[in-house]
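Visitor: Before we start, here is the structure in question, set down as structure tokens.
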Amino acid sequence: MLQLKNNSPFAPSISLFPNEQGIDTLYVVVKATFTLGDQLSISAEQVPPVLADEYWQNPDDSSLKYASDMHLTKPSTDVVLIGQAWAPQEQQVSQLNVRLAVAERQKTIRVFGNRAWRDGKPTVPTPFQCMPLVYEYAYGGTHVIDTEKQTMLAEARNPIGRGFVGKRKTQELEGMPLPNLEDPKSLIRKPGDEADPACFAFVSSAWLPRWPYAGTYDETWQKNRAPYLPDDFDLRFFNAAAPEFVFDRYLQGGESVELDNLSRHGPIRFQLPTCQLEAKVRIAARTETPPLNLETVLIEPEEDRLSMVWRAALPCDKQTLKVEQVDINLLDLQHVVMAA
């Protein structure tokens with residue numbers, strides 16, 4: 001019987017399913033939860049891996065809250081932030097910039113109070129103290145052209161956002177809300193201006209840029225490949241961060257992290273924990289140690305929480321029943337305050 005022995009303070013999980021080539025593979029996931037504060041510490045409550053995508057509301061008309069941790073491997077690290085923009089000292093402002101920086105990557109978002117089109121111009125933003133950083137408030141949206149014929153246009157990178165004009169005429173925009181979240185380098189100033197959706201959250205698998213990586217599910221696939229993934233499936237499908245925070249490599253820990261106006265407590269600065277983790281797999285009387293790669297960094301300032309997810313993949317075709325035990329060991333941990 002397959003057993004999991006956890007010698008770490010974190011939350012591991014194991015699963016067996018075919019990889020992108022259709023080879024039965026053992027996947028080992030380790031999710032570590034840390035508490036944000038003056039210094040990082042290991043959380044008393046370890047959040048388990050997410051078993052399936054979780055949306056804020058109905059998946060058809062809301063954004064992705066948490067992407068599943070149960071999937072094939074990501075080719076590089078995602079960094080995601082779930083939270084709100086906060087005005088300094090929790091005062092009322094009509095707009096402000098928020099900034100997230102991780103290693104050499106950084107992104108600034110201009111956050112506005114509620115606005116709408118009035119006589120072809122944006123109204124003055126209403127004051128706010130905090131603003132959710134979700135795709136519902138970023139540039140995007142859908143224009144239903146004909147309800148009976150079910151014809152519509154949508155911003156494929158964010159069909160549930162604000163500001164997408166489609167084929168609407170100027171007079172049809174009257175009172176239509178503008179995005180609260182924008183890229184300060186390309187602000188919307190007049191009807192018809194287009195922009196990139198500005199957010200730090202998870203990107204849905206049905207949106208660009210993710211869905212084209214899912215591959216082609218046509219008659220050829222049905223005859224020659226099903227139920228396995230198509231030949232043109234690309235593992236980048238599983239990268240679910242905003243494009244600016246899909247890294248070109250696996251982060252190693254120790255990278256600097258900076259948050260500005262993303263917490264009611266003020267600026268946050270820390271280094272990602274450096275965790276030397278080991279997965280020892282006993283299979284068919286031998287021991288394998290597949291590498292654990294850091295695939296997801298999730299920052300949740302509202303919860304004072306940092307999560308990190310590592311994954312190892314061990315192909316074991318025709319030997320799945322011979323996988324006997326998986327041991328998770330924490331060999332070293334840095335940039336974290338240890339409990340006394």
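The values are calculated or read from the model by the stated rules, or taken from the named source; none is laboratory data. Note that this is a predicted model, so its numbers are computed, not measured. Ideal geometry is used to build each Cβ from the backbone, glycine not excepted, and the neighbour counts take in all protein chains shown. All accessible areas refer to the heavy atoms of the entire protein, side chains included, with ligands and DNA or RNA removed. Shrake-Rupley method; radii C 1.70, N 1.55, O 1.52, S 1.80 Å.
Visitor: For Ser186, only one of the following conditions fails: (1) within 30 Å of Leu259 (Cα to Cα); (2) at pLDDT 95 or above. What is its number?
Guide: Going through (1) within 30 Å of Leu259 (Cα to Cα); (2) at pLDDT 95 or above one by one, Ser186 breaks only (2).
Visitor: Scan the range 167-177 and give yes if some residue there is free of Cβ contacts under 8 Å to residues at least 60 places away in the same chain, under 19 Å from the mean Cα position of the chain (by Cα) and under 30 Å from Gln91 (Cβ atoms), otherwise no.
Guide: No.
Visitor: Separate question: Which pairs turn up if I take residues in the range 94-111 that are on the phi > 0 side of the Ramachandran plot and look for partners that are small (Gly, Ala, Ser) and in a strand (DSSP E or B) with beta carbon separation below 6 Å, at least 6 apart in sequence or on another chain?
Guide: Pairs found: none.
Visitor: Cβ-Cβ below 7 Å, separation at least six or inter-chain, first residue in the range 132-143 and without any contact (Cβ under 8 Å) to a residue 40 or more places away in the chain, second in a strand (DSSP E or B): which pairs?
Guide: Once the first residue is without any contact (Cβ under 8 Å) to a residue 40 or more places away in the chain and sits in the range 132-143, its partners that are in a strand (DSSP E or B) give Gly141/Arg162; Gly141/Gly163; Thr142/Met152; Thr142/Ala154; His143/Met152; His143/Leu153.
Visitor: Only one of Ser43, Ser68 is modelled with pLDDT of 95 or more and either over 15 Å from the mean Cα position of the chain (by Cα) or open to solvent by 60 Å² or more (accessible area, probe 1.4 Å) (or both). Can you tell me which?
Guide: Of Ser43, Ser68, the one residue that is modelled with pLDDT of 95 or more and either over 15 Å from the mean Cα position of the chain (by Cα) or open to solvent by 60 Å² or more (accessible area, probe 1.4 Å) (or both) is Ser43.
Visitor: Of all residues being in contact with a strand residue (DSSP E or B) (Cβ under 7 Å, 6 or more places away or on another chain) and aliphatic (A, V, I, L, M) in the range 142-164, which is least open to solvent (accessible area, probe 1.4 Å)? Just the residue, please.
Guide: Ranking the candidates gives Ile160 first.
Visitor: At pLDDT 95 or above and closer than 21 Å to Met70 by Cα: which single residue out of Tyr217, Tyr250 fits that description?
Guide: Sole residue among the options that is at pLDDT 95 or above and closer than 21 Å to Met70 by Cα: Tyr250.
Visitor: Can you pull out the residues in the range 284-304 that are at pLDDT below 95 and either part of a loop (DSSP other than H, G, I, E, B) or surrounded by 15 or more Cβ atoms within 10 Å (Cβ to Cβ) (or both)?
Guide: Ala284, Ala285 - these are the residues of the range 284-304 that are at pLDDT below 95 and either part of a loop (DSSP other than H, G, I, E, B) or surrounded by 15 or more Cβ atoms within 10 Å (Cβ to Cβ) (or both).
Visitor: Name every residue in the range 48-69 that is outside any strand (DSSP E or B), of a type in the set (A, V, I, L, M) and either under 22 Å from Gly253 (Cα atoms) or touching an Asp or Glu at 6+ places or on another chain (Cβ under 9 Å) (or both), in order of residue number.
Guide: The answer is Val50, Leu51, Ala67.
Visitor: Separate question: When the residues of the range 10-39 are narrowed to those that are more than 28 Å from Leu321 (Cα to Cα) and either among the hydroxyl-bearing types (Ser, Thr, Tyr) or touching a Leu at 6+ places or on another chain (Cβ under 7 Å) (or both), which ends up surrounded by the most Cβ atoms within 10 Å (Cβ to Cβ)?
Guide: It comes out as Phe34.
Visitor: Would you pick out the residues in the range 113-133 that are open to solvent by less than 40 Å² (accessible area, probe 1.4 Å), at pLDDT below 95 and not small (Gly, Ala, Ser)?
Guide: none
Visitor: Okay, next question. Scan the range 197-219 residue by residue and report those that are of a type outside the set (Gly, Ala, Ser) and surrounded by 18 or more Cβ atoms within 10 Å (Cβ to Cβ).
Guide: Scanning the range 197-219 gives Pro197, Cys199, Phe200, Phe202, Val203, Trp207, Arg210.
Visitor: From the list Phe233, Phe237, which one is in a helix (DSSP H, G or I), over 17 Å from Gln106 (Cα atoms) and open to solvent by less than 60 Å² (accessible area, probe 1.4 Å)?
Guide: Exactly one residue qualifies, and that residue is Phe237.
Visitor: Please identify the pairs in which a residue from the range 4-22 that is among the aliphatic types (A, V, I, L, M) has its Cβ atom under 8 Å from the Cβ atom of a residue that is open to solvent by 50 Å² or more (accessible area, probe 1.4 Å) and assigned to a loop (DSSP other than H, G, I, E, B), counting only partners at least 6 apart or on another chain.
Guide: These pairs meet every condition: Ala11/Pro48; Ile14/Leu2.
Visitor: Looking only at residues that are touching a residue at least 60 places away in the same chain (Cβ under 8 Å), surrounded by fewer than 17 Cβ atoms within 10 Å (Cβ to Cβ) and of a type in the set (D, E, K, R) in the range 307-324, which one is nearest to Ala44 (Cα to Cα)?
Guide: Glu324
Visitor: Looking at Gln334, Gln252, Gln222, which is the one that is closer than 21 Å to Ala44 by Cα, of a type outside the set (Gly, Ala, Ser) and open to solvent by 50 Å² or more (accessible area, probe 1.4 Å)?
Guide: Gln334
Visitor: I'm trying to understand the selection: among the residues of the range 81-106, which are surrounded by 16 or more Cβ atoms within 10 Å (Cβ to Cβ), of a type outside the set (S, T, N, Q) and within 20 Å of His265 (Cβ to Cβ)?
Guide: Leu81, Ile82, Gly83, Ala85, Trp86, Ala87, Val93, Leu96, Val98, Leu100, Ala101, Val102
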